[in-house]
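**Student:** Can you read through this structure? Questions will come right after.
The values are calculated or read from the model by the stated rules, or taken from the named source; none is laboratory data. Computed from a predicted model, the values in this text were never measured in an experiment. Note that each Cβ is placed from the backbone with ideal geometry, even for glycine, and that neighbours are counted across all protein chains shown.
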Amino acid sequence: MKPYKIICVALLVCSTAIAQTHRHADGTIHNENHEEVAADSTDTVSENAVDLQETTVVGRQSGTVMSNISLLKTETITTTGLQKLACCNLSETFENSASATISFTDAVSGAKQIQLLGLSGIYSQTMAENIPTMRGLASTYGLSYTPAPWLESIQISKGAASVVNGYESVTGNMNLEFKKPNNTEPLFINLYGDLDQRYEANVTGATKVAKNLWTGLMLSGMYNEKPHDNNGDTFLDMPKTKYINAYNRWLYENEDKGIESRTGIKFLYEDRIAGQDEEHHKKQNITDELYKTFIDNKGLTVENKTGFVVGERPGQSIGIINSFTHYEQNSAFGYKTFNGKQDSYYLNALFSSYFSNTDHRYTTGLSLMYDNFDTEFKDEIPFNQTPLTPINREEVVPGAFFEYTETSINKLTAVVGIRADYNSRFGWLITPRLSAKYDLNEYVIFRASAGRGYRSPNVLAENIGLMASSRNFDLSNINDLDIEKAWNFGGNIAFNIPIWSGRKAKLSLDYYHTSFDNRIVIDTERNRNAVFFYNSDGSKNYANAWQADLSATLFDGFDLFAAFRYNNNRVTYADGTETDQPLISNYRGLVNLSYATNLRRWVFDVTAQFNGKTRLPAQNGYGSEKQYSPAFPVMFAQVTRNSKRFDVYAGAENFLNYKQKEPILNWEQPFSQDFDASQVWGPITGIRIYAGIRLRIGKLN
């Protein structure tokens, strides 16, 4: 075993870990944004509801909350928001989000990707209770592996995130908060089914096993074996899928000793079959060779977080975060195969205290990130003939960080942080970040942030949708790709506007600019039959994102949320051609209307999206005439009947039945040079009608 691996295994066995939410000696808790929250509150309650009774909290909680107190522009999708749609998994929870957009990577695999600030989700850091997740091989399908019924909330922060969490955040941070064993129902069951014969079950349970010890078990499964080809292109609209996911959590909490420890074990298995289905095509007497796609994913994660108060100073604590992940992916797209294994280990050791008083807080510590990728790619298409090519990578990144929080100046909060990491492949990485918030008065809040971010590329795993094509993958530069480097600058103005009957509307305006010093260019436009990967080497590559969002409770039970976002993304190719980034919508409008009767007995939700045009990849070289997709609407509706223990919901997604015409180019000849299923800009499936039930047994632990 290599020395790096021995070190990582030893650290995993010997250390314990802390969540970045610290319980201090004075009984308060501060989260990763340095906000003080009530010790007995959950992460999903609205800002002004922490002391209300349970039924009142549910009644007052908005689906989407734009925080007034967070340092960064933060959008929180609450439990209520997670239930506005069927939301079987994380890839289906962002249709009501102002900040995030979800799209398909291709028209075959069913994989979805998130976009933030107009850039792919690989540039935003995804955390599971402040532990990095969905990295590397798991980045493509990872959104499908987090069931929404397991979650308490999702926080989406824009701009330069805390250096405490590492250097990988470029555009922002998405943090997932799971149900806590000591603050959830002993048993919760969510059953889902739709007219396409997709069935899902999610079960969560928790119990107290000792005085200071709780455990929880979360289970999720999906069965979707019915083949569908509603557009008549002989390809399945969605893959046939079997999936199981399990998550066991343990929580030890001793307030008298100031100790809290959380341990979790996750297991995942998924099997997808897509492309042209043999049984389906026997009925149509199709005897030609079929284009088939097989995807098999397995994952195991072990994590532990422990924090404890030290000394007599309020808020002074020590903690360590540990996480180990093993992930395997085996996939075949026609004649292309991509297989890989990933072992990753994460350690973060922190010390939090203050200088003269609590207006001058700091957090400092050491970290270690270890990644080992063992992957291989092969293309047996006769006109490509790429032999089995191993693409392996090992990185060891020790680092240190310091972050200072200043709150002594009236109405101003400022955080400045810096970290230094040594990457075994790319050398020293210095990451400075700064963020500030100024409360002009109770009606106007200013925010600003700036910072550096880095990201190691995994170009095949992160662009797996391109494998659903006959393109030749040019791997000649694969070992010369540098780490991606970018600066992000931005700001936000939030207004709390009095309207009527003592109510307030929240209006937020923001702008963010991301500029790359080096970006890995995924070039599909030089040659319609190939894809090239290379460094941008300082050429112009940037993204601008403007957004406005408005939320208000217009009258009792009736909530309005509206948002509009405009993107301007530019990419420069190897010959110096500068153009719009392809397959990125230039604008998106969103309106969500929600009405709940007294005690939320009945809840009605309607969401309307209007998605702007998208530049399509050039088919005849860089100088080709630009072509665009049409703008299009997508609408969702759901009605829910709630009771104390039992909820019933039914709804329709994409009920206008809008679909991209011919999402697969040259589908008639799937083994020809011009076959391409990767140019997806709109919905692939049409209307989906579904229903489900939610059952709660027992009181909160």
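**Student:** Scan region 247-255 and tell me whether some residue there is over 30 Å from residue 316 (Cα atoms), buried (at least 17 other Cβ atoms within 10 Å of the Cβ) and not β-branched (Val, Ile, Thr).
**Tutor:** Yes, there is a match, as at least one residue in region 247-255 is over 30 Å from residue 316 (Cα atoms), buried (at least 17 other Cβ atoms within 10 Å of the Cβ) and not β-branched (Val, Ile, Thr).
**Student:** Next up: Report yes if some residue within region 594-606 is assigned to a loop (DSSP other than H, G, I, E, B) and within 27 Å of residue 465 (Cβ to Cβ); otherwise report no.
**Tutor:** no
**Student:** Given (1) modelled with pLDDT under 95; (2) assigned to a loop (DSSP other than H, G, I, E, B), identify the lone condition not met by residue 167.
**Tutor:** It fails just one condition, (1).
**Student:** Here's something else I'd like to know. Quick one: how many residues across region 68-108 are part of a loop (DSSP other than H, G, I, E, B), in contact (Cβ under 8 Å) with a residue 60 or more places away in the chain and of a type in the set (A, V, I, L, M)?
**Tutor:** Counting residues in region 68-108 that are part of a loop (DSSP other than H, G, I, E, B), in contact (Cβ under 8 Å) with a residue 60 or more places away in the chain and of a type in the set (A, V, I, L, M) gives 7.
**Student:** Looking at region 197-232, which of its residues are in a loop (DSSP other than H, G, I, E, B) and either of a type in the set (Phe, Trp, Tyr) or surrounded by fewer than 17 Cβ atoms within 10 Å (Cβ to Cβ) (or both)? Let's see the steps before the verdict.
**Tutor:** Of the residues in region 197-232, the ones in a loop (DSSP other than H, G, I, E, B) are 197-198, 211-212, 225-232.
The answer is 197, 211, 225, 226, 229, 230, 232.
**Student:** When the residues of region 422-439 are narrowed to those that are crowded, with 17+ Cβ neighbours inside 10 Å and basic (Lys, Arg), which ends up nearest to residue 508 (Cα to Cα)?
**Tutor:** Filtering region 422-439 for residues that are crowded, with 17+ Cβ neighbours inside 10 Å and basic (Lys, Arg), the one nearest to residue 508 (Cα to Cα) comes out as 437.
**Student:** From the list 358, 364, 407, which residue is polar (S, T, N, Q), surrounded by 14 or more Cβ atoms within 10 Å (Cβ to Cβ) and without any contact (Cβ under 8 Å) to a residue 40 or more places away in the chain?
**Tutor:** Residue meeting the stated conditions: 364.
**Student:** Quick check: is even one residue across region 137-145 more than 29 Å from residue 341 (Cβ to Cβ), crowded, with 24+ Cβ neighbours inside 10 Å and either in contact with a helix residue (DSSP H, G or I) (Cβ under 8 Å, 6 or more places away or on another chain) or not hydroxyl-bearing (Ser, Thr, Tyr) (or both)? Steps first, please.
**Tutor:** At the first step, the residues of region 137-145 found to be more than 29 Å from residue 341 (Cβ to Cβ) are none.
No; the residues of region 137-145 include none that is more than 29 Å from residue 341 (Cβ to Cβ), crowded, with 24+ Cβ neighbours inside 10 Å and either in contact with a helix residue (DSSP H, G or I) (Cβ under 8 Å, 6 or more places away or on another chain) or not hydroxyl-bearing (Ser, Thr, Tyr) (or both).
**Student:** Can you pull out the residues in region 109-129 that are within 16 Å of residue 584 (Cα to Cα) and either assigned to a helix (DSSP H, G or I) or more than 10 Å from the chain's Cα centre (by Cα) (or both)?
**Tutor:** 112, 117, 118, 119, 120, 121, 122, 123
**Student:** Which one of the conditions (1) within 30 Å of residue 314 (Cβ to Cβ); (2) modelled with pLDDT of 80 or more does residue 38 fail to meet, given that it meets all the rest?
**Tutor:** Among (1) within 30 Å of residue 314 (Cβ to Cβ); (2) modelled with pLDDT of 80 or more, the lone unmet condition for residue 38 is (2).
**Student:** Just a yes or no: is a residue in region 352-364 more than 24 Å from residue 160 (Cα to Cα), of a type outside the set (D, E, K, R) and in a strand (DSSP E or B)?
**Tutor:** Taking region 352-364 as the starting set, the residues that turn out to be more than 24 Å from residue 160 (Cα to Cα) are 355-357.
Now narrow it down to the ones that are of a type outside the set (D, E, K, R): 355-357.
After this cut, where a residue has to be in a strand (DSSP E or B) as well, the list is none.
No - not one qualifying residue is present in region 352-364.
**Student:** Right, something else. Pairs needed: first member in region 387-403, among the polar types (S, T, N, Q); second member anywhere, surrounded by fewer than 20 Cβ atoms within 10 Å (Cβ to Cβ) and in a strand (DSSP E or B); C-beta distance under 6 Å; at least 6 residues apart or different chains.
**Tutor:** That search, which allows pairs on different chains as well, returns 392/374.
**Student:** Could you list all residues from region 185-196 that are in contact with a Ser or Thr (Cβ under 9 Å, 6 or more places away or on another chain) and in a loop (DSSP other than H, G, I, E, B)?
**Tutor:** Once the filter is applied, which keeps residues that are in contact with a Ser or Thr (Cβ under 9 Å, 6 or more places away or on another chain) and in a loop (DSSP other than H, G, I, E, B), region 185-196 yields 185, 186, 196.
**Student:** If I ask for residues that are more than 21 Å from residue 621 (Cβ to Cβ) and not in a strand (DSSP E or B), which ones from region 538-555 would you list?
**Tutor:** The first filter runs over region 538-555 and keeps only residues more than 21 Å from residue 621 (Cβ to Cβ), leaving 538, 542-555.
If the condition is that a residue be more than 21 Å from residue 621 (Cβ to Cβ) and not in a strand (DSSP E or B), then 538 is the only one that fits.
**Student:** Just need a number here: residues in region 178-196 that are surrounded by fewer than 20 Cβ atoms within 10 Å (Cβ to Cβ) and farther than 30 Å from residue 686 by Cα.
**Tutor:** Here the count works out to 5.
**Student:** Another one. Residues being part of a strand (DSSP E or B) and out of contact with any helix residue (DSSP H, G or I) (no Cβ under 8 Å at 6 or more places or on another chain): count how many of those fall in region 305-327.
**Tutor:** Residues flagged as part of a strand (DSSP E or B) and out of contact with any helix residue (DSSP H, G or I) (no Cβ under 8 Å at 6 or more places or on another chain) within region 305-327 amount to 12.
**Student:** Continuing with this model, one more query. What's the number of the condition residue 122 fails, among (1) of a type in the set (A, V, I, L, M); (2) surrounded by 24 or more Cβ atoms within 10 Å (Cβ to Cβ); (3) farther than 27 Å from residue 296 by Cβ?
**Tutor:** (3)
**Student:** Right, another one. Quick one: what pairs do we get from region 109-120, first residue more than 12 Å from residue 463 (Cα to Cα), second of a type in the set (Phe, Trp, Tyr) and crowded, with 22+ Cβ neighbours inside 10 Å, C-beta under 6 Å, 6+ apart or different chains?
**Tutor:** 117/512
**Student:** Quick check on my filter: what residues within region 59-103 are closer than 18 Å to residue 272 by Cβ and over 14 Å from the mean Cα position of the chain (by Cα)?
**Tutor:** Residue satisfying the conditions is 88 alone.
**Student:** Return the residue satisfying two criteria in turn: it lies in region 414-430 and is touching an Asp or Glu at 6+ places or on another chain (Cβ under 7 Å), part of a strand (DSSP E or B) and touching a residue at least 24 places away in the same chain (Cβ under 8 Å), and of such residues it is nearest to residue 517 (Cα to Cα).
**Tutor:** 429
**Student:** Next question, about the same structure. Which residues, taken from region 556-592, are under 30 Å from residue 501 (Cα atoms), touching a residue at least 60 places away in the same chain (Cβ under 8 Å) and either touching a Ser or Thr at 6+ places or on another chain (Cβ under 6 Å) or in a loop (DSSP other than H, G, I, E, B) (or both)?
**Tutor:** 559, 561, 592
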